[in-house]
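Everything below concerns the one structure shown next.
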Amino acid sequence: MSRPSRIIIVGMGVRSMIYAREALEHPDLFQIVGVADVNPDRVKVARETFGIPEENCFSSVEALVAVPKFAEGVINGTMDQQHVPTSLPLLRHGYDILLEKPFAVNRQEAEQLIECEHETGRRVMVCHVLRYAPFYRRIKEIVARGEIGRVINIRMAEQVSYFHESVSYVRGKYASPEICGSGMLLSKSCHDIDIMTWLMGGNDPVSVSSIGSVFQFKPEMAPEGAGTHCLLDCPVERTCPYSAKRLYIEHPQRWTGNIWHDIGRENSTEEERVAMLSNPENPFSRCAYRCDLKIVDHQSLLVSFKDGATGTFSMNGGSTASGRHIHITGTMGEIFGIFEEERFTVYRIAPDVPGGRTAEVVDVSKAQQGNAHGGGDQAIIHDFVTLLQGGEPSPCCTALDDSMTGHRVVFLAEESRKKNGATFLI
Ligand SMILES: NC(=O)c1ccc[n+]([C@@H]2O[C@H](COP(=O)([O-])OP(=O)(O)OC[C@H]3O[C@@H](n4cnc5c(N)ncnc54)[C@H](O)[C@@H]3O)[C@@H](O)[C@H]2O)c1
């Protein structure tokens, strides 16, 4: 058996911690041997959690690449707009990278990273963790085996629950391209578009058009008489679905961990949290309808593929619950399911049976066990280690060129949306 791979964390945030924790469960496979983060508190967390020696702790990527290479790979979990600037020096220094999605925030820098990967001969694996979830993995196998014939259309939707929407996409760090570098489609739904193009398997997208806007999170949609800050001046706070007090204090189990992490107060008491939400300077204290939202809260797109097949996708923010829906129509059958229900149905044309079709339910609940990404977060780091150790990664492994297919659709969909749905050739 080969010795454990040595991995460095760049950007010790929420996502990196999910991947890195696997090292504690599987020290025989990989170890976290270094960290670089601009936030000293996050460096400290990494050092204490993984026992990293002081000399392997850095306050920047520049400082990390100033010392000789001391690991095989890097997990890059910085925010979207830092992915390319931080990955370029790492590749040039000889590191392979597991890079969070979106791997770049525009086409130009995406191409720059791909070029650098080719030049250096290093490898970047993109964290399209949903590919690893048994739900999508099994669908991919069924489609690839031709069990529903040739794919005519893939219809997908992503429902973003009102509480997740409010934490991340209205009040939080993804609410503006100025903060995170991405729009909603790129930061939230590049997974879904990746799944669509992956399932089409080499049948490349050729055109895209998209429409979307801010429908709900604007001042004219606020409840009558609403104030500017829920805990300070709002007479209708008790009845508003977006009350910061109701969502973040009274129901702390729904995404609120991200709030306290993002403002560096994970271990605060309820009393302190009420005080923080009473501070008008805190972005999470604001009325959800008065956040001057810079990204859309709903968006739809229409994609055509080389052989004439089509794909449609809608992201709807502010829904009752989170849900990733998929309906694939093929010449010989259909697949229909909702990711969160952990099962899907395969319908097959069968003229001789009552009703004219058969239905087979594929249950993946035992494999996914309610995990938010169906276990994909854990599976992907194991695949990365396989790659570092010279093994053959799984068919879910997303190389940079492969990820670019979906990213290109997203970049052009954003252009199209800004031009009221004009069709762009890919
Ligand atoms: N794959 C998925 O399903 C999934 C889910 C959620 C988020 N994400 C993506 O993961 C990424 C990280 O999200 P997060 O919530 O963990 O963010 P985070 O804010 O918790 O972590 C980012 C970390 O990077 C550090 N950092 C910032 N600039 C840096 C720099 N120049 N060099 C080194 N460190 C730097 C920050 O201090 C912070 O600790 C984002 O790109 C996000 O879009 C992916």
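Readers should treat all values here as calculations from the given coordinates under stated rules, not as data from a laboratory. Only a predicted model underlies this, so the values are computations on that prediction, with no experimental measurement involved. All Cβ positions, glycine included, derive from the backbone under ideal geometry; neighbour counts span all protein chains shown.
With a 10 Å radius around each residue's Cβ, average the other Cβ atoms per peptide and rank 70-82, 279-291, 124-136, 340-352, highest first. Working shown, then result.
Details: 70-82: 22.1, 279-291: 18.2, 124-136: 25.4, 340-352: 15.2.
Ranked from most to least packed, the peptides come out as 124-136, 70-82, 279-291, 340-352.
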Estimated FRET transfer efficiency when R0 is 41 angstrom, pair ILE426-VAL14 (beta carbons, to 0.05): 0.80
Karplus-derived 3J(HN,Hα), 6.51/-1.76/1.60, for each residue of segment 411-425, Hz, glycine and proline x: 4, 6, 4, 5, 4, 4, 4, 5, 10, 6, x, 4, 7, 10, 7
A 21 angstrom limit on the alpha carbon distance is what I want to check against. Which of LYS188/LYS418; LYS173/LYS294; LYS294/LYS418; LYS188/LYS294; LYS69/LYS173 exceed it? LYS69/LYS173
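Which of GLU415, GLU25 has the fewest other C-beta atoms within 10 Å, and how do the rest follow up to the most?
By the 10 Å Cβ count, ascending: GLU25, GLU415.
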Here the averaged projected area of segment 296-365, based on the convex hull of its alpha-carbon atoms and given in nm², is 6.7 nm²
Please build a GNM for the chain, connecting alpha carbons under 10 Å apart, and tell me which residue among CYS240, CYS396, CYS230 fluctuates the most. CYS240
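With only alpha-carbon pairs counted, each pair once and no self-pairs, how large is the Kirkwood hydrodynamic radius of the chain in angstroms?
Values: mean 1/r = 0.0437 Å⁻¹.
When all Cα pairs of the chain are included, the Kirkwood radius is 22.9 Å.
Mind listing which chymotrypsin sites (Phe, Trp or Tyr not before Pro) in segment 196-226 are in a DSSP loop and have 16 or fewer other Cβ atoms within 10 Å? Show your work: numbers first, answer last.
On the way: sites: TRP198, PHE215, PHE217; in loops: PHE215, PHE217.
Here the sparse-neighbourhood loop sites are PHE215.
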Among VAL35, VAL65, VAL84, which one moves the most in a GNM of the chain with springs linking Cα atoms closer than 10 Å? VAL65
Amide hydrogen neighbours beyond the local backbone of GLY333, cut-off 5 Å, H modeled: ILE349
Given H placed 1.01 Å from N in the peptide plane, which residues other than close sequence neighbours of PHE30 have an amide H under 5 Å from its amide H? SER5
Separation in nanometres of the label points that stand 7 Å from Cα toward Cβ, at ASP401 and ARG107: 1.9 nm
Most mobile listed residue (ALA46, ALA275, ALA367) in the chain, GNM with C-alpha springs under 10 Å: ALA275
Would you grab the residues whose amide H sits under 5 Å from the one on VAL206? Only those 5+ places off in sequence or on another chain, please, with H modelled 1.01 Å from N. SER304, PHE305, LYS306
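Using +1 on the beta carbon of Lys and Arg, -1 on that of Asp and Glu, and nothing else charged, what's the dipole of segment 5-126 about the Cα centre, debye to 20? Walk me through the numbers on the way to the answer.
Details: 12 positive and 18 negative charges, 12 e Å.
Roughly 60 debye for segment 5-126.
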In whole Hz, what ³J(HN,Hα) sequence does segment 283-297 give by Karplus (6.51, -1.76, 1.60; θ = phi - 60°), x for Gly and Pro? x, 7, 8, 6, 4, 4, 8, 10, 9, 6, 4, 9, 10, 6, 10
Can you list the lysines whose alpha carbon is less than 18 Å from that of LYS44, not counting same-chain residues fewer than 8 positions off? none
Rank the residues LYS306, LYS140 as a footprinting-exposure proxy: fewest other Cβ atoms within 10 Å of their Cβ go first. LYS306, LYS140
Extension gain, GLU54 back to ARG290 (0.36 nm per residue minus Cα-Cα distance, nm): 80.5 nm
FRET efficiency, 1/(1 + (r/R0)^6) with R0 60 Å, evaluated for ALA350 and SER2 via beta carbons: 0.75
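Per the helix-only calculation at 222 nm, which mean residue ellipticity applies to the chain, given -39500 (n - 2.57) for every DSSP H run of n ≥ 4 and division by its residues, nearest 500 deg cm²/dmol?
Working: 14 runs with 136 residues, N = 426.
Per the formula, -9500 deg cm²/dmol.
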